[in-house]
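K.L.:
Quick one: structure below, then a few questions.
The values are calculated or read from the model by the stated rules, or taken from the named source; none is laboratory data. Because the structure is predicted, anything quoted here is derived from the model rather than measured. Note: ideal-geometry Cβ built from the backbone for every residue, glycine included; neighbour counts use all protein chains shown. For the accessible areas, the whole protein counts, side chains as well, though only heavy atoms, and no ligand, DNA or RNA atoms are used. Shrake-Rupley method; radii C 1.70, N 1.55, O 1.52, S 1.80 Å.
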Amino acid sequence: MIITLKDGKREFANGLSALDIAGQLSQELKKQAICARVDGAITELWKPIDHDCALEILTFEDDEAKRVLRHTASHVLAQAVKKLKPNAKLAIGPAIENGFYYDFDVDEPFTPDFLVDVEKEMARIVIKNDRFEGFELPRAEAIQFMQERNEPYKVQLIEDLPEDAPLSFYKQGDFTDLCAGPHLPSTGKVKAFKLTSIAGAYWRGSEKNKMLQRIYGTAFADKAELDAYLQRIEEAKKRDHRRLGRELDLFDIRDEGPGFPFFYPKGMVLRNLLEDYWRQIHHEAGYEEIKTPIMLNRALWERSGHWDHYKDNMYTTKIDDMDFAIKPMNCPGGILVYQRKLWSYRDLPCRSGELGLVHRHELSGALHGLMRVRCFTQDDAHIFMTPEQIRDEIKGVYRLIDKVYQTFGFPYKVELSTRPENAIGTDEMWALATEGLQGALDDLAVPYTINEGDGAFYGPKIDFHLEDSLGRTWQCGTIQLDMNLPERFDLTYTGPDGEKHRPVMIHRVVLGSIERFIGILTEHFAGAFPLWLAPVQVKVLTITDRCDEMAKAVRAKLEAAGIRTELDLRNEKIGFKVREAQMMKIPYMLVLGDKEVEDQVVNVRTRKGDTIGTMNVDALLEMLKQQIATKALQ
RNA sequence: GCCAAUAUAGCUCAGUUGGUAGAGCAGCGGUUUCGUAAACCGCAGGUCAAGGGUUCGAGUCCCUUUAUUGGCUCCA
């Protein structure tokens with residue numbers, strides 16, 4: 001038998017397992033073998049290999065091995081919970097990004113104290129070091145097996161698997177679970193784990209189903225790695241935009257307005273700069289700006305379909321006995337703007353953008369700082385065009401979004417969502433629309449994932465996701481094709497044939513919502529915004545009051561040149577003033593003492609802690625202007 | 001909305017088995033004029049989220065409501 005290892009061919013005796021081979025290679029491996037990839041597929045280490053194959057031994061450094069480790073940990077978790085609460089019914093327990101969870105149906109919700117007990121029980125199981133043993137059962141026996149153990153969720157899982165699917169089970173100690181595998185060889189390999197939280201979670205993710213109790217945890221190769229991870233989480237919390245918003249005096253959400261954010265003066269500076277930038281790039285990209293009313297009458301919302309399908313999320317009111325609704329979306333207003341005149345194919349595409357303030361009554365439990373609010377400003381635009389223009393237009397929007405995200409240095413993920421079950425429109429229209437989006441992505445050679453059936457009922461969409469400090473992703477940009485509203489509002493343009501045609505409409509946002517984008521921005525830069533966005537760009541710090549006059553003059557000169565400058569003339573030590581400016585993450589501090597006054601220069605310090613040295617104000621201005629003009633990320 | 005936890009000064013947090021509410025920072029008043037992340041002294045600041053209950057007595061125990069946090073669902 002010849003096994004091709006990752007780094008070349010090796011011959012081994014027949015019937016050896018990957019574990020045996022790993023043992024033989026232990027000198028070379030240096031790291032502990034966790035699982036193996038045989039001919040590309042992940043498998044357990046202990047399974048005998050009796051054929052020629054390509055073998056790769058994975059260590060904890062491999063992401064796939066980490067998933068196997070965490071999945072194994074979830075089995076240990078389930079075993080521990082069953083031991084402590086034999087009546088708990090098992091649902092599912094997968095590995096997830098950075099950890100794992102297991103869902104249980106229990107009579108009483110779990111408590112934090114119980115979590116401590118479970119951790120102790122898990123530690124006992126790990127010490128016992130039970131081997132994982134896999135076996136398969138025919139369908140009927142598998143169902144009977146789980147019925148006998150009173151595991152209705154497992155029975156349901158089996159019943160929903162395809163008829164011919166192999167039904168594999170894994171047993172460690174006295175615990176057996178339905179599972180596709182693979183696992184580590186034994187429970188003892190789960191060395192460093194921690195249960196992190198308890199949460200309610202609906203069975204199969206549907207709120208129509210029963211809510212189960214979920215336990216989250218994480219596991220690492222060793223304690224050092226686990227501690228490093230927990231440390232990283234603590235550090236990430238310091239970047240939380242909710243915390244920084246308050247500390248840097250940018251924005252906050254008060255109990256008096258759940259989901260309705262306040263922007264304070266400094267936050268408003270940041271916000272206005274973003275909006276200025278937005279206007280500039282949209283002007284360059286051929287958009288015209290409009291503004292539509294925040295509140296419109298019921299008839300409009302009935303025609304758009306929102307009254308019937310979105311009313312639960314809308315704030316409504318009655319004026320002069322007529323129903324009105326505050327807009328949850330800008331599109332109906334944008335459509336009324338389109339309808340103000342007759343359109344020729346020569347005028348298309350028509351791109352009109354709007355920084356539109358929308359209100360949505362989101363579920364209270366969904367609110368999250370600036371990331372999920374109940375009133376927010378979408379940097380919306382609606383583009384009306386002929387079907388032939390779809391592909392190029394989508395490409396244009398994509399490039400615009402890409403350009404903006406690159407300006408901020410944001411990595412992003414692209415997802416294409418296709419036709420859902422409750423879709424309207426013909427197969428033909430969906431095929432055309434989906435091809436338009438997919439074609440554009442393919443033309444641009446963009447990596448993307450497909451969310452089958454996750455599109456809006458009115459059309460497919462491309463979503464752009466950005467990460468927050470804890471790695472949670474938030475949808476920001478989106479490009480959505482709409483095959484519904486043009487019909488409902490009977491939108492037309494006149495073609496070269498003199499006949500009326502239906503335009504294709506897309507909704508798109510680049511930043512998504514100004515609020516969410518500011519949240520992402522704040523976490524990404526940990527509050528240390530690039531110079532061009534910093535609410536305060538420069539702070540002048542004096543050492544004694546003999547420098548006050550020059551300090552005021554320096555500030556006046558910088559302000560006159562458009563640099564946002566603050567002055568600290570307080571009777572405090574320079575260390576104290578530096579510390580404060582530093583904590584406010586002000587990009588440049590100008591220290592002025594007797595020496596600087598005499599030489600008519602400023603001593604420049606950055607928020608990174610570097611002292612650049614002295615220079616005259618003109619040279620400083622030159623440097624600042626350069627950085628601002630290029631929107632340098634630093 | 002659902003599951004769980006939490007709510008004490010502007011901020012970060014103490015507050016023991018129920019017995020008159022505390023610290024640091026920030027603020028204000030002084031002293032100090034100082035060289036790159038915290039000078040010193042003093043003062044003031046709270047209907048303990050709101051409402052109800054148990055008790056001689058509630059920040060502390062119970063109930064309701066509100067908000068927040070972590071998830072689920074939903075979504076920019």
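K.L.:
Could we say that A:Arg546 is within 8 Å of RNA strand B (Cβ to nearest atom) and touching a residue at least 40 places away in the same chain (Cβ under 8 Å) here? If you could, list the steps in order and put the result at the bottom.
P.N.:
Numbers: within 8 Å of RNA strand B (Cβ to nearest atom): yes; touching a residue at least 40 places away in the same chain (Cβ under 8 Å): yes.
Spelling it out, A:Arg546 is indeed within 8 Å of RNA strand B (Cβ to nearest atom) and touching a residue at least 40 places away in the same chain (Cβ under 8 Å).
K.L.:
Can you name the residue in the range A:395-414 that is part of a helix (DSSP H, G or I) and among the β-branched types (Val, Ile, Thr) and is also farthest from the chain's Cα centre (by Cα) among such residues?
P.N.:
Among them, the one singled out is A:Val397.
K.L.:
Now, a different point. Does A:Glu133 count as more than 16 Å from RNA strand B (Cβ to nearest atom) and open to solvent by 100 Å² or more (accessible area, probe 1.4 Å)?
P.N.:
Answer is yes for this residue.
K.L.:
Which residues, taken from the range A:233-244, are more than 10 Å from RNA strand B (Cβ to nearest atom) and closer than 15 Å to A:Met584 by Cα?
P.N.:
A:Lys238, A:Arg239, A:Leu244
K.L.:
Which members of the range A:585-629 meet the condition of being part of a loop (DSSP other than H, G, I, E, B), within 9 Å of RNA strand B (Cβ to nearest atom) and either among the small types (Gly, Ala, Ser) or open to solvent by less than 20 Å² (accessible area, probe 1.4 Å) (or both)?
P.N.:
Hits for the range A:585-629 are A:Gly593, A:Gly609.
K.L.:
Check A:Ile215, A:Ile198, A:Ile158 and return the single one that is open to solvent by less than 30 Å² (accessible area, probe 1.4 Å) and either without any contact (Cβ under 8 Å) to a residue 12 or more places away in the chain or within 16 Å of RNA strand B (Cβ to nearest atom) (or both).
P.N.:
A:Ile215
K.L.:
Something else: Considering each residue of the range A:356-373, count those that are closer than 23 Å to A:Arg239 by Cα and either near RNA strand B (Cβ under 6 Å from one of its atoms) or open to solvent by 20 Å² or more (accessible area, probe 1.4 Å) (or both), and give that number.
P.N.:
Qualifying residue count, the range A:356-373: 7.
K.L.:
State whether the residues of the range A:28-42 include one that is free of Cβ contacts under 8 Å to residues at least 12 places away in the same chain, more than 25 Å from A:Ala180 (Cα to Cα) and open to solvent by 60 Å² or more (accessible area, probe 1.4 Å).
P.N.:
Looking through the range A:28-42, at least one residue is free of Cβ contacts under 8 Å to residues at least 12 places away in the same chain, more than 25 Å from A:Ala180 (Cα to Cα) and open to solvent by 60 Å² or more (accessible area, probe 1.4 Å).
K.L.:
So for the range A:71-86 (the condition being more than 26 Å from A:Ser26 (Cβ to Cβ), open to solvent by 10 Å² or more (accessible area, probe 1.4 Å) and at pLDDT below 90), does at least one residue qualify?
P.N.:
The answer is no; no qualifying residue exists.
A quick yes/no check of all residues on (1) outside any loop (DSSP other than H, G, I, E, B); (2) open to solvent by 80 Å² or more (accessible area, probe 1.4 Å):
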{"position": "A:Leu416", "(1), (2)": "yes, no"}
{"position": "A:Trp430", "(1), (2)": "yes, no"}
{"position": "A:Glu435", "(1), (2)": "yes, yes"}
{"position": "A:Gly439", "(1), (2)": "yes, no"}
{"position": "A:Val446", "(1), (2)": "no, no"}
{"position": "A:Ile450", "(1), (2)": "yes, no"}
{"position": "A:Leu466", "(1), (2)": "yes, no"}
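K.L.:
Which ones in the range A:468-497 are more than 11 Å from the chain's Cα centre (by Cα), crowded, with 20+ Cβ neighbours inside 10 Å, more than 16 Å from A:Tyr398 (Cβ to Cβ) and at pLDDT below 95?
P.N.:
Within the range A:468-497, the subset more than 11 Å from the chain's Cα centre (by Cα) is A:477-497.
Okay, now just the ones that are also crowded, with 20+ Cβ neighbours inside 10 Å, so A:477-483, A:485, A:493.
Narrowing the set further to residues that are more than 16 Å from A:Tyr398 (Cβ to Cβ) leaves A:482-483, A:485, A:493.
Matches in the range A:468-497: A:Asp482, A:Met483, A:Leu485.
K.L.:
For the range A:276-295, how many residues meet the condition of being open to solvent by less than 30 Å² (accessible area, probe 1.4 Å) and touching a strand residue (DSSP E or B) at 6+ places or on another chain (Cβ under 7 Å)?
P.N.:
Taking the range A:276-295 first, the residues open to solvent by less than 30 Å² (accessible area, probe 1.4 Å) are A:277-278, A:281-282, A:287, A:292.
Still in the list and also touching a strand residue (DSSP E or B) at 6+ places or on another chain (Cβ under 7 Å): A:278, A:282, A:287, A:292.
The total comes to 4.
K.L.:
Report the residue count in the range A:374-390 for those that are at pLDDT below 95 and either among the small types (Gly, Ala, Ser) or surrounded by fewer than 18 Cβ atoms within 10 Å (Cβ to Cβ) (or both).
P.N.:
Total meeting the criteria: 3.
K.L.:
Still on this structure: Of the residues that make up the range A:498-520, is at least one within 13 Å of RNA strand B (Cβ to nearest atom), open to solvent by less than 40 Å² (accessible area, probe 1.4 Å) and without any contact (Cβ under 8 Å) to a residue 24 or more places away in the chain?
P.N.:
No, there is no match, as no residue in the range A:498-520 is within 13 Å of RNA strand B (Cβ to nearest atom), open to solvent by less than 40 Å² (accessible area, probe 1.4 Å) and without any contact (Cβ under 8 Å) to a residue 24 or more places away in the chain.
K.L.:
Under 6 Å between Cβ atoms, which residue pairs at least 6 apart in sequence (or on different chains) link something in the range A:554-565 that is at pLDDT 95 or above with a partner that is open to solvent by less than 30 Å² (accessible area, probe 1.4 Å) and of a type outside the set (Val, Ile, Thr)?
P.N.:
Close Cβ pairs satisfying both conditions: A:Ala561/A:Leu621; A:Ile563/A:Gln537; A:Ile563/A:Leu624; A:Arg564/A:Gln537; A:Thr565/A:Leu558.
K.L.:
Restricting to the range A:247-275, and then to whatever is out of contact with any strand residue (DSSP E or B) (no Cβ under 8 Å at 6 or more places or on another chain) and in a loop (DSSP other than H, G, I, E, B), can you tell me which residue is farthest from A:Ala526 (Cα to Cα)? Talk me through it step by step, then tell me what you get.
P.N.:
Pass one, the range A:247-275, residues out of contact with any strand residue (DSSP E or B) (no Cβ under 8 Å at 6 or more places or on another chain): A:247-249, A:255-258, A:265-266, A:268-270, A:272-273.
Remaining after also requiring in a loop (DSSP other than H, G, I, E, B): A:248-249, A:255-258.
Details: A:Leu248: 11, A:Asp249: 14, A:Asp255: 25, A:Glu256: 27, A:Gly257: 25, A:Pro258: 24 Å.
It comes out as A:Glu256.
K.L.:
Now a separate question. Anything in the range A:548-566 that is open to solvent by less than 60 Å² (accessible area, probe 1.4 Å), touching a helix residue (DSSP H, G or I) at 6+ places or on another chain (Cβ under 9 Å) and of a type in the set (D, E, K, R)? List them, or say none.
P.N.:
Those that are open to solvent by less than 60 Å² (accessible area, probe 1.4 Å), touching a helix residue (DSSP H, G or I) at 6+ places or on another chain (Cβ under 9 Å) and of a type in the set (D, E, K, R): A:Arg564, A:Glu566.
Matching residues to (1) over 30 Å from A:Gln339 (Cα atoms); (2) at pLDDT 95 or above; (3) more than 25 Å from the chain's Cα centre (by Cα):
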| residue | (1), (2), (3) |
| --- | --- |
| A:Glu499 | no, yes, yes |
| A:Arg508 | no, yes, no |
| A:Val538 | yes, yes, yes |
| A:Met550 | yes, yes, yes |
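K.L.:
Here's another thing I want to ask about it. Only one of these is under 24 Å from A:Asp63 (Cβ atoms), open to solvent by 20 Å² or more (accessible area, probe 1.4 Å) and touching a residue at least 40 places away in the same chain (Cβ under 8 Å): A:Lys210, A:Lys189. Name it. Spell out the reasoning first.
P.N.:
Numbers: A:Lys210 fails: under 24 Å from A:Asp63 (Cβ atoms).
Among A:Lys210, A:Lys189, only A:Lys189 is under 24 Å from A:Asp63 (Cβ atoms), open to solvent by 20 Å² or more (accessible area, probe 1.4 Å) and touching a residue at least 40 places away in the same chain (Cβ under 8 Å).
K.L.:
Name the pairs: first residue in the range A:65-78 and closer than 17 Å to A:Gln213 by Cα, second residue part of a helix (DSSP H, G or I) and polar (S, T, N, Q), Cβ to Cβ under 6 Å, at least 6 apart or on different chains?
P.N.:
Every condition considered, the pairs that remain are A:Val76/A:Thr187.
K.L.:
Which residues, taken from the range A:66-87, are farther than 19 Å from A:Glu119 by Cβ and in contact with a Ser or Thr (Cβ under 6 Å, 6 or more places away or on another chain)?
P.N.:
Of everything in the range A:66-87, nothing turns out to be farther than 19 Å from A:Glu119 by Cβ and in contact with a Ser or Thr (Cβ under 6 Å, 6 or more places away or on another chain).
K.L.:
Consider only pairs whose beta carbons are under 7 Å apart and that are at least six residues apart or on different chains; among these, list those whose first residue lies in the range A:458-481 and is without any contact (Cβ under 8 Å) to a residue 60 or more places away in the chain and whose second residue is open to solvent by 40 Å² or more (accessible area, probe 1.4 Å) and more than 8 Å from RNA strand B (Cβ to nearest atom).
P.N.:
Filtered contacts from the range A:458-481: A:Tyr458/A:Ile424; A:Pro460/A:Arg419; A:Asp463/A:Glu415; A:His465/A:Tyr412; A:His465/A:Lys413; A:His465/A:Glu415; A:His465/A:Thr473; A:Glu467/A:Thr473.
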